[in-house]
Amino acid sequence: MENVFDVLKERGLIAQTTHEEEIRELLGKEKVTFYIGFDPTADSLHIGHFLQMVVMKHMQDHGHRPIALIGGGTAHIGDPSGRTDMRQMMTKETIDHNSECFKKQLSCLVDFSDDKALMVNNADWLLDLNYVEFIRDIGSCFSVNTMLTAECFKQRLEKGLSFLEFNYMLMQSYDFLMLNRKYDCKIELGGDDQWSNILAGIRLCHKKDDKQAYGMTFTLLTTSDGKKMGKTAKGALWLDPEKCKPYDFYQYWVNVQDADVIRCLKLVTFVPMDEIREMEKWEGAELNKAKKRLAYEVTKMVHGEEIANQVQAAAEAVFAGGGVSDDMPTSEVDTLDGKNVLDLLTEIKLVPSKAEGRRLVQQGGLTINDEKVTDVSLTLDNSFASDKGMIIRKGKKVFHRVVVK
């Protein structure tokens, strides 16, 4: 069997490694237990987490054992990495509920049967710690000077970093130590924003137990111009169908930029590389086939094959039927009488702001009932909505129906 390290590298998933040659050799010669942490700060995972789930499946498919560490303890503090402000404090009940939601979603890709993968909650060892003992035992292994050079802290120092959050690195490092002791976990994986925390955990394992541990981070899901992917006009691209409808989820991937489709196929699908290399030769309209393949594959993994088939058929029906389908995204409003077009676009969350809506109109990208909208002051009325509703087209591919209750 090929080495999973080579698979991850070929698909562009690996960002940084602590010991590249040693990690590759380790993954090639033995079954390795590794972990990725998920702090339950919401009741659903999002597409950024999904990339991490894809890595877990690649690793598991090559014989390695994942540990999905649910941060039931660390979520009480919140990771300062990548944030400009302090996270909102959550109750234990909320954290427990969110943790249960994560378990279900992780299972769509990771096989937890027969201990092929483990799901562990760090609340089991963090919540009952004696703080004085913890600081004496673990805190003494950390240099404040070194911690302050970590990227996750540097970007927060100007606005203020609470001592509460300063503890987060110690707690995540302690997680690695505990998992190494309990399950012989040798590698911590995570997004590239976790690099500082991973390095700290490796140092702790070495200082406390004289054990060699390893770390590997993977690429963050960004567009070709460096912007973070997974944001829509309606918010984050959640995996929960109640928070992001499967049709909208599918449409997100159909609408990725031409420059991003091949990279996304490599990062978040299991389409064989031979097929992807053929798609790399495609141009123009042919790339739309690659986008549809991307959208179908990701939707199938997250929502199941039946739902993927349904939303794919609905999307095709929308285009074939001139933008009308019973399954297309639909918003209900009390009335259209006297409503400004920009107000409506923001109300139904087709654009994130009026400024964005104004640009859309000015650039000729908005059509209502097959008529291009040229006036940002357009006032609507109920006559715009026929029996089938009012059909809005944003750009070339995004269709949305508005019906009056």
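Brief remarks follow.
- Residues whose placed amide H lies under 5 Å from that of residue 90, excluding near-sequence neighbours: none
- A Förster radius of 56 Å, combined with the Cβ-Cβ distance separating residue 61 from residue 332, puts the computed FRET efficiency at roughly 0.80.
- Nearest 10 degrees, 0 to 90: helix 168-183 Cα axis against the chain principal axis: 70
- Couplings 3J(HN,Hα) of region 379-384, computed from phi: 9, 8, 8, 5, 5, 5 Hz, in residue order, whole Hz [Karplus 6.51 cos²θ - 1.76 cosθ + 1.60, θ = phi - 60°; x for Gly and Pro].
- Taking the C-alpha atoms only, the angle from helix 258-268 to the longest principal axis of the chain is near 40 degrees.
- For the chain, alpha-carbon Rg relative to the globular expectation (2.2 N^0.38 Å, N residues): 1.11
- Taking the centroid of alpha carbons for each part, region 178-221 and region 258-282 are 30 Å apart.
- Considering only alpha-carbon pairs that sit under 8 angstrom and 6 or more positions apart, the relative contact order computed for the chain is 15 percent.
- Of 372/394; 245/339; 9/227, those spanning more than 20 Å from alpha-carbon to alpha-carbon: 245/339; 9/227
- Working from label points 7 Å from Cα in the Cα-to-Cβ sense, the residue 127 to residue 140 distance is 2.9 nm.
- Cross-link reach list, lysines versus residue 289, counting only Cα pairs under 19 Å and skipping chain neighbours closer than eight places: 266, 281, 300, 396, 397
- For the pair residue 381 and residue 309, a Förster radius of 30 Å applied to the C-beta separation gives a FRET efficiency near 0.20, rounded to the nearest 0.05.
- Among 340-353, 244-257, the order from most to least packed when residues are scored by Cβ within 10 Å on average: 244-257, 340-353
- For a straight C-alpha distance cut-off of 20 angstrom, the lysines reachable from residue 211 (same-chain residues fewer than eight places away being disregarded) are 29, 31, 182, 186.
- Under conditions of 4 °C and 1.567 mPa s, region 4-218 yields 74 µm² s⁻¹ as its translational diffusion coefficient, taking Rh as the Kirkwood radius over Cα pairs in the Stokes-Einstein equation.
- Highest average first, the peptides 66-73, 219-226 ordered by how many other beta carbon atoms sit within 10 Å of their residues are 66-73, 219-226.
- For residue 118, the residues whose amide H sits under 5 Å from its own are 67, 68, ignoring neighbours fewer than 5 places away on the same chain, with H placed 1.01 Å from N.
- FRET efficiency, 1/(1 + (r/R0)^6) with R0 30 Å, evaluated for residue 289 and residue 101 via beta carbons: 0.30
- Put simply, the C-alpha atoms of region 330-404 give a gyration tensor, and the ellipsoid matching it has half-axes of 17, 13, 12 Å, longest first.
- Scanning residues 5 or more positions from residue 380 or on other chains, those with amide H under 5 Å from its amide H are 338, 339, 340, 341, with H placed 1.01 Å from N in the peptide plane.
- Of the GluC sites (Glu not before Pro) found in region 142-205, the ones in coil according to DSSP and having at most 10 other Cβ atoms within 10 Å of their Cβ are 158.
- Taking θ as phi - 60° and the Karplus parameters 6.51, -1.76 and 1.60, the scalar couplings of region 283-290 work out to 9, x, 4, 4, 5, 4, 5, 5 Hz in sequence order, x denoting glycine and proline.
- Straight-distance crosslink candidates among aspartates and glutamates, where the alpha carbon sits under 14 Å from residue 103 and sequence neighbours closer than 8 are dropped: 39, 43, 111, 240
Each reported figure results from applying straightforward, stated rules to the coordinates on display, with no laboratory input. Quick caveat: nothing in here was measured; it's all calculated off a predicted structure. Positions of Cβ are backbone-derived with ideal geometry, glycine not excepted, and every protein chain shown enters the neighbour counts.
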